[in-house]
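K.L.:
Mind looking over this structure? Questions follow.
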Amino acid sequence: MSDRIELTGIEAFGHHGVFAEERREGQVFYADICAELDLESASNSDDLNDTVDYGAMIDLVIEDIESEPCDLIEHLAGRIADRILFEFHKINRVSVTIHKPSAPVNGSVLDIAVTIERNR
């Protein structure tokens, strides 16, 4: 399938990480979503009911980032991917990338990211 909806740079503040200061102080996380689904009907009908409401998908991602903390962004990405497949039945495959640009590491890095893919 080559049809997809891509959401890039969803920003939210969360308290994820293995260190106490990450849990206490929190930081900004970014998420990218690539949802694969059949968009032929929507491309012909021009009707929201034939696709996925990406605003609702963004709300779900922000809610998950801002909710219960995870030690690992791997877990956060998987949790979001599973919820997307559960909530949006038209999606056949989803890829979720979580960016943690302020991760407490020795050295200078532009970004640290994890990508999880899930299939229906």
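The values are calculated or read from the model by the stated rules, or taken from the named source; none is laboratory data. All figures in this text were calculated on a predicted structure; none of them were measured in a lab. Here the Cβ positions follow ideal geometry from the backbone for every residue, glycine too, while neighbour counts run over all protein chains shown. Calculation scope for accessible area: heavy atoms of the full protein, side chains included, ligands and nucleic acids excluded. Shrake-Rupley method; radii C 1.70, N 1.55, O 1.52, S 1.80 Å.
K.L.:
Just one of (1) open to solvent by 10 Å² or more (accessible area, probe 1.4 Å); (2) in contact with a strand residue (DSSP E or B) (Cβ under 7 Å, 6 or more places away or on another chain); (3) farther than 15 Å from ILE10 by Cα trips up ILE91, so point out which.
P.N.:
(1)
K.L.:
Could you tell me which residue of the range 1-46 is nearest to the chain's Cα centre (by Cα), considering only residues that are touching a residue at least 60 places away in the same chain (Cβ under 8 Å) and assigned to a helix (DSSP H, G or I)?
P.N.:
Among them, the one singled out is GLU22.
K.L.:
Just give me the residues in the range 48-65 being surrounded by 14 or more Cβ atoms within 10 Å (Cβ to Cβ) and either hydroxyl-bearing (Ser, Thr, Tyr) or in a helix (DSSP H, G or I) (or both), in sequence order.
P.N.:
ASP50, THR51, TYR54, MET57, ILE58, LEU60, VAL61, ILE62, ASP64, ILE65 - these are the residues of the range 48-65 that are surrounded by 14 or more Cβ atoms within 10 Å (Cβ to Cβ) and either hydroxyl-bearing (Ser, Thr, Tyr) or in a helix (DSSP H, G or I) (or both).
K.L.:
Condition check: open to solvent by 20 Å² or more (accessible area, probe 1.4 Å) and charged (D, E, K, R). Does GLU22 satisfy that?
P.N.:
Here the answer is no, as GLU22 does not meet what is asked.
K.L.:
Somewhere in the range 80-98, is a residue at pLDDT 95 or above and under 19 Å from ARG24 (Cα atoms)?
P.N.:
Within the range 80-98, none of the residues are at pLDDT 95 or above and under 19 Å from ARG24 (Cα atoms).
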